[in-house]
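A.B. asks: Next up is a structure, given as structure tokens.
FYI, it's all coordinate maths here, none of it is from the lab. This structure is a prediction, so every number in the text was calculated from the model and none was measured.
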Amino acid sequence: MRKLLRSLFASPDRLLQVMSHSQIEDAIEDGERIVVDADGNTSVNVHCQRVQEDFKNHVDALKRA
């Protein structure tokens, strides 16, 4: 188990599944929630239906608070 954790954290690229520009475009089209570019920048795919539902639920919860 320790070897697995060390290997993951020793290689952030594998941990974050770094993507090329074309892979990012494909991920957005496929409805992935989060994409990570080659520089390690993360983005939320606002076109993903699940992300939109999560955002709506969050806003509704804030309205009730």
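A.B. asks: 5 Å is the cut-off here: which amide hydrogens, built 1.01 Å from N in the peptide plane, fall below it relative to N45, excluding neighbours closer than 5 in sequence?
C.D. replies: Correct list: I34, V35.
A.B. asks: What per residue convex hull volume, in Å³, do the alpha-carbon atoms of the stretch 16-65 yield? All intermediate terms of the calculation are to be shown ahead of the outcome.
C.D. replies: Working: hull volume 3.6 nm³, N = 50.
For the stretch 16-65, the hull spanned by Cα atoms encloses 72 Å³ per residue.
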